[in-house]
Structure formats: structure tokens, C-alpha cells
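Enquirer: Here it is: the structure, laid out below.
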Amino acid sequence: MQVLRAVVDHGSVSAAAGALGYTPSAVSQQVAALERETGTALLERVGRGVRPTAAGLLLAGHAAVIERQVAEAGAALADLRAGRSGSLTVRYFATAGAALVAPAVAAFRRTHPGVRLDLGMTDPEDPLTEVLDGRADLAVVVRSDGAAHPGLRLVHLRDDPYRAVLPRGHRLAAKRVLDLAELADEPWVGAEPPGPCREVVRRACDAAGFAPSVAVDSADYATAQGFVAAGLGVALVPALGLAQRHPGVTVRRLRGPEPVRALHAAVREGAWGQPVLGALVSALRAAAQP
């Protein structure tokens, strides 16, 4: 069809052949093959040249549209491969959203303004499902168990140590660093829902030789601090969750062991290597620097 279009545009087989870099015989053979496929004449001789039939004009017009669409597709693909366009679906949990995702997205948009980002919270109990299913391109998750996850690549962003949150004036507040076992006999305020973060705390307490006695449960760190400030118990909250501290609490470091949650960016192995995705991971790693 593109050969036919060249003949129509240049008015002769020989002129079209010169423009395309073909021989006149090759051009004639291409047009003859197209006439056989369509079952109709596409060109008619006029003097020493040719002119298109109605069918020839119709196909030449479509050939021009196809050529333009192919060029547009090539340009769009080049933009996508260079990270100038496209879209990414990103999932995260609350504290990572505030501390890591927000500054990373701001930096990413400065360098990739043409890429659309779909941002949203992930399921705290199963944050990897959307990435594995292809419904998300990247998720910021907590993983510290060392387990392999087939089909996923986990990129470490930072470690986030837990801190002891005590009511102001608590008997242990005078110490700068607490042994985790010193909290064994205290009533506890649960600071987060079931999921990987709660597992980090549970394993640390197991290592310290006790199971915490939870007096009141809470679904978020701000509420947990309020309960602690009211004297209902002590809590363990990761450092990133203490950006806004309640005035009625005292925060102390832990040891023996110090619970630490490891924050990772989870990406499908099949998507790894895409420039735009790599740029977002780089922005997250930069934002995660202490």
C-alpha cells in the first residue's frame, strides 16, 4: 500500500521507484500483487504515466493514514522507553506514604512530568498481591523475615527501628536505652493491625522471652500514643511513625533485641529494567536516606 501511495503521489512508476530506491519492475510487481489481493484495478495508464482508479485513490488514502499512525506509534514507544510517558500504579502503607512516597513522588514528577501516577494504600495483611497480580507496578512493603518471593524483586529502602513509647513520668523514662525485657510486665497498647509490622514486634518479644499483655488495641500510631499518654500502657512504635509526637509521652531506644522493620520496594521481576520504574525506585531510595 505504501508503494501504491508513492506511485499516486509521484504520478508514475519510474518516479515512485526513484523515490523509494526500488527498480521500476519491483514497483510494478508490488502494485500487481496488491491488485490481485484486492481483485480490482488500482492504476490505469494515461499517456506515458499512470493515474489511480477510484479504488487506488481509496487505498492510497488509507496508506497515508497507516503511515502516520505507525510514525505516531513509534514516537509514543520511544517516549515510553525513555521514561517521558506512561503510567505507574504505586501502593504503600500509611507511614511509608508520608515519609518516603510523598517526597519521592515530588522528585519523580520534576524529572518525569509526563508519567501518570496512580497512588493508593495497600492491604496491610497482604501487600504483595496487587504487585504479583499485575494490578500495581510497585508497592512499598515491610519484609524482614528473609523469605523469598518468587516473581518479585525486593529493593531495600531503609531500616526503621522501633522505639518504646512510655507515659510521661513512667518509672523507666529516666533510662536512655531500655532492654526490651524490661517492658515484659507492663500493660501494652497495640499500635498496629495484624500484618508484617506486628510480626516484627512479636518476634522481638519472643527473642526477649515474653509475650506482651495487650490491655488496649489500636489501629494506628497516633491513637496508640494517645492511649499511652492516658496511662493505659506502653507501646512500640517505629521511628517513622513518631514524626508527630504526643506531648504526653516519652520515647526511648530499645535493645536486647531492638525490633527493626525493613522497608522494601516490591517490583515484579518481569517489569524490572523499565526506565520509568527504575527512576521511581531511585527516587524512593533517595527519599529513604536518613
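The values are calculated or read from the model by the stated rules, or taken from the named source; none is laboratory data. Quick caveat, the model's predicted, so the values are computed rather than measured. Methodologically, a virtual Cβ is constructed for each residue, glycine included, from the backbone with ideal geometry; neighbour enumeration extends over all protein chains shown. Ligands, DNA and RNA are stripped out before the accessible areas are found, and what is left, the full protein with its side chains, is counted by its heavy atoms. Shrake-Rupley method; radii C 1.70, N 1.55, O 1.52, S 1.80 Å.
Enquirer: Taking the chain as the reference, fit the longest principal axis to its C-alpha atoms, fit the long axis of helix 24-38 to the helix C-alpha atoms, and give the angle between the two in degrees, 0 to 90, nearest 10.
Expert: Between the helix axis and the principal axis of the chain, the angle is about 70 degrees.
Enquirer: Continuing with the same structure: Taking the Cα centre as origin and putting +1 on Lys and Arg beta-carbons and -1 on Asp and Glu beta-carbons, what dipole magnitude results for the chain, to the nearest 20 debye?
Expert: Using Cβ point charges on Lys, Arg, Asp and Glu, the chain gives about 940 debye.
Enquirer: Using only Cα atoms, what Kirkwood radius does the chain have, in angstroms?
Expert: The Cα-based Kirkwood calculation yields 23.8 Å.
Enquirer: Considering the options PHE227, HIS112, PRO161, tell which one lies farthest towards the positive end of the dipole of the chain, charges being +1 on Lys and Arg and -1 on Asp and Glu at the Cβ, about the Cα centre.
Expert: Among PHE227, HIS112, PRO161, the one farthest towards the positive end of the dipole of the chain is HIS112.
Enquirer: Just round it to a whole percent: the fraction of Cα-Cα distances in the stretch 126-195 exceeding 16 Å.
Expert: Above the 16 Å cut-off, the stretch 126-195 has 64 percent of its Cα pairs.
Enquirer: Rounded to a whole number, what % of the accessible area of the chain do carbon and sulfur atoms account for, probe 1.4 Å?
Expert: Carbon and sulfur atoms account for 53 percent of the accessible area of the chain.
Enquirer: Which residue fluctuates the most in the chain, going by a Gaussian network model with Cα springs under 10 Å, if the choices are VAL46, VAL155, VAL200?
Expert: Maximum fluctuation in the GNM of the chain, among the listed residues, is at VAL46.
Enquirer: Assuming 1.567 mPa s and 4 °C, estimate D for the stretch 112-244 with Stokes-Einstein, Rh taken as the Kirkwood radius over Cα pairs, in µm²/s.
Expert: So the translational diffusion coefficient is about 77 µm²/s.
Enquirer: Can you give the % of DSSP beta bridges in the chain that are antiparallel, to the nearest 5?
Expert: 60
Enquirer: On to the next question. Which residue fluctuates most in the GNM of the chain (Cα springs below 10 Å): GLY39, GLY151, GLY97?
Expert: Among GLY39, GLY151, GLY97, the largest GNM mean-square fluctuation belongs to GLY39.
Enquirer: Output the relative contact order of the stretch 216-290, whole-number percent, from Cα pairs under 8 angstrom with separation of 6+ residues.
Expert: Once normalised by length, the contact order is 22 percent.
Enquirer: Would you be so kind as to identify which of ALA266, GLN289, SER28 lies farthest towards the positive end of the dipole of the chain, taking Lys and Arg as +1 and Asp and Glu as -1 on Cβ and the Cα centre as origin?
Expert: So the residue furthest toward the plus end is GLN289.
Enquirer: Using only DSSP helix segments of four residues or longer, with each worth -39500 (n - 2.57), what per-residue ellipticity at 222 nm results for the chain after dividing by its residue count and rounding to 500?
Expert: -12000 deg cm²/dmol
Enquirer: Further question on the same structure: Using Cα centres only, tell me the gap between the stretch 202-275 and the stretch 1-16 in whole Å.
Expert: 73
Enquirer: HN-Hα J couplings of the stretch 220-228 from phi, Karplus 6.51/-1.76/1.60, θ = phi - 60°, integer Hz, Gly and Pro as x?
Expert: Result, ordered by residue: 8, 6, 5, 5, 4, 4, x, 5, 5 Hz.
Enquirer: Also: With springs only between Cα atoms under 10 Å, which of GLN274, GLN29, GLN244 fluctuates most in a Gaussian network model of the chain?
Expert: GLN29
Enquirer: Rounded to two decimal places and with Rh computed the Kirkwood way over Cα pairs, what is Rg over Rh for the stretch 35-74?
Expert: We get a ratio of 1.13 for the stretch 35-74.
Enquirer: Considering only DSSP beta bridges with both partners in the stretch 126-275, what is the antiparallel share in %, to the nearest 5?
Expert: Taking every DSSP beta bridge with both residues in the stretch 126-275, the antiparallel ones total about 70 percent.
Enquirer: Can I ask one more? In degrees between 0 and 90, to the nearest 10, how far off the longest principal axis of the chain does helix 196-208 point, with axes built from Cα atoms?
Expert: Result, in degrees: 40.
Enquirer: For the chain, what does the accessible surface come to per residue with a 1.4 Å probe? Please give it in Å².
Expert: 51
Enquirer: If the only charges are +1 at each Lys and Arg Cβ and -1 at each Asp and Glu Cβ, what is the size of the charge dipole of the stretch 144-272 around the Cα centre, to the nearest 20 debye?
Expert: I would put it at about 440 debye.
Enquirer: In angstroms, what radius of gyration and Dmax does the stretch 202-290 have, counting Cα atoms only?
Expert: 17.7, 51
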